[in-house]
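Down below is the structure, laid out as structure tokens.
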Amino acid sequence: MPPALPQPPAPSPEGSRPSRGAPVRLRALDGLRLLAALMVAAYHYGGRGGEISQAWGTSPREQFPTASAYFAYGCLGVQIFFVISGFVICMSGWGRPLRSFFASRVSRLYPAYWAAILIVTAVFALPWVAFKSVSPSDTLVNLTMLQQPIGVDRVLGVCWTLWAELRFYALFALFVVLPGANRQRVILFCAVWTLGAALADAANQPFLELVLMPEYAPYFIGGMGLYLIHRYGHDALAWGIVGLSFLIGQHYAVAELWHAPNPSFFSYRSTLGIVAIVAFGYLAVALIALGKFHWANWRWLTLAGALTYPFYLVHEHLGWVVVEVLHQKLSIPSYGTFALTILLMLFLAWLLYRFVEQRLTPVIKRSLTAVRVR
């Protein structure tokens, strides 16, 4: 008999490193996910104005005179999320056929998302809740996760990041997963996307900007470059991808978030602070990719990573309601309300993980990957 052809490695679970033996869970990556989510929560509860001011009864700047200036940087947790996403999606798509990749993404994103949409809609419909809910028709559109391109009101404020994720998944599936992931193809994809995003920004063409996402592409690309380093070791091309993506990414972060000191703005973020937090995100993922955090192998970090997504979905809008009840109705001090709200949202995230994700995710994945026999 002819020698057996070498089999491709089985796809690694999210957060695991391919190896000759059993995959090693990168639990530090789970911890970084939760840290980024807590940064965003701090921003939403104490680093911005808007509806959260109504929940507190006054501006968060009055509730947290010193901390609010630091909470304002928490929005950069989103950029860290995108770097992590580039790393994890490159890992999870490696060696997978398109159908399996599609099933893994749908089953991962939608169960908790649907539950969050229904919970927020139900809570905002309560007569004593003062926050405005969207129309029933717009709520139904929100279930698709395509509300932004369609142009309807969002049930969840954070879902704009999911729209960016969906576009990244589509590009990655089309140009990497479909033809088959390998080092050369990922490098080419990163290079072409980097150049295409820059040209789209220069051309000022809305459609190209929509597809190529120049303001978010560097973070996804940086994460993919870091995964190549994780998988293959030190490599000049991969480090070049990471370095270039950081240089471009920090530019977009500063352009979006920096402004001259102005008392009419809620917060002021320094250029140095913005660049430092973006650099922290890249550095943290790089150290994890290089195995510098293998010692952080605590089991609770896996649960922390699992809670991050449902926590991220529900924390903002439901947090408004909880803050108003705890602070204005129960007279709990600001920092106590802040901490209790975080804990309650984490508990709700655990309920969603335990009773929604763990039950629906495998069912949806099996349904989408099942082979029909005619």
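The values are calculated or read from the model by the stated rules, or taken from the named source; none is laboratory data. Bear in mind that the values here come from a model prediction, so they are computed numbers and not experimental data. Quick reminder, even Gly has a Cβ in these numbers, built from the backbone with ideal geometry, and neighbours come from all protein chains shown. What goes into the accessible areas is simple: the full protein's heavy atoms, side chains included, and nothing from ligands, DNA or RNA. Shrake-Rupley method; radii C 1.70, N 1.55, O 1.52, S 1.80 Å.
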Looking only at lysines whose Cα falls under 23 Å of Lys132's and that sit 8 or more positions away or on another chain, we get Lys329
Quote the relative contact order of the chain in percent (integer), defining contacts as alpha-carbon pairs under 8 Å separated by 6+ residues. 27 percent
So how tilted is helix 358-369 from the main axis of the chain? Cα-based, degrees 0 to 90, rounded to 10. 40 degrees
How tilted is helix 217-232 with respect to the longest principal axis of the chain? Cα atoms for both, answer in degrees (0 to 90, nearest 10). 50 degrees
Going by accessible area, probe 1.4 Å, with all protein chains left in place, what is the ranking of Leu174, Leu38, largest first? Leu174, Leu38
Using only the alpha-carbon atoms, how far is helix 334-352 inclined from the longest principal axis of the chain? Give it as 0 to 90 degrees, nearest 10. 40 degrees
Expressed in nm to one decimal, what extension gain is obtained for the pair His234 and Tyr70 from 0.36 nm per residue of sequence separation less their Cα-Cα distance? 55.5 nm
Difference of contour (0.36 nm per residue) and Cα-Cα distance, Phe207 to Val363: 52.6 nm
Measuring with a 1.4 Å probe in the full set of protein chains, what accessible area per residue, in whole Å², belongs to the range 284-374? 55 Å²
Which of rounded, prolate or oblate describes the range 157-303 when judged by the alpha-carbon gyration tensor and an a/c cut-off of 1.5? oblate
When the accessible area of the range 87-184 is computed with all protein chains present and a 1.4 Å probe, what percentage of it is carbon and sulfur? 67 percent
Identify all aspartates and glutamates with a Cα-Cα distance to Lys292 below 18 Å; exclude those on the same chain that are fewer than 8 residues away in sequence. Asp30, Asp235
Students often get this wrong: which residues of the range 301-343 have the backbone nitrogen under 11 Å from the point 7 angstrom along Cα-to-C-beta of Phe131? 314-325
Mind telling me which of Val152, Val78, Val321 comes out most flexible in a GNM of the chain, alpha-carbon contacts under 10 Å? Val152
Just Leu143, Leu313, Leu35 to compare: in a GNM of the chain, with alpha carbon springs under 10 Å, which one fluctuates most? Leu143
Taking 0.36 nm per residue of sequence separation and subtracting the Cα-Cα distance, how much length would be gained by fully extending the chain between Ala198 and Thr144, in nm to one decimal? 16.5 nm
Please enumerate, by chain and number, the aspartates and glutamates with C-alpha under 18 Å from the C-alpha of Lys365, excluding those fewer than 8 residues away in the same chain. Glu14, Glu357
Counting only heavy atoms of protein chains, what accessible area per residue, in Å², does the range 37-111 have with a probe of 1.4 Å? 30 Å²
Work out the FRET efficiency for Arg183 and Ser270 from their Cβ-Cβ distance, taking R0 = 41 Å, and round it to the nearest 0.05. 0.60
Out of Val192, Val158, Val88, a Gaussian network model of the chain with alpha-carbon springs under 10 Å gives the largest mean-square fluctuation to Val192
Surface accessible to a 1.4 Å probe, per residue, for the residues of the range 113-201, Å²: 47 Å²
Rounded to the nearest percent, how much of the accessible area of the range 220-374 (1.4 Å probe, protein heavy atoms only) is carbon and sulfur? 69 percent
Mean ellipticity per residue at 222 nm, deg cm²/dmol - from DSSP H runs of n ≥ 4 across the chain, formula -39500 (n - 2.57): -21500 deg cm²/dmol
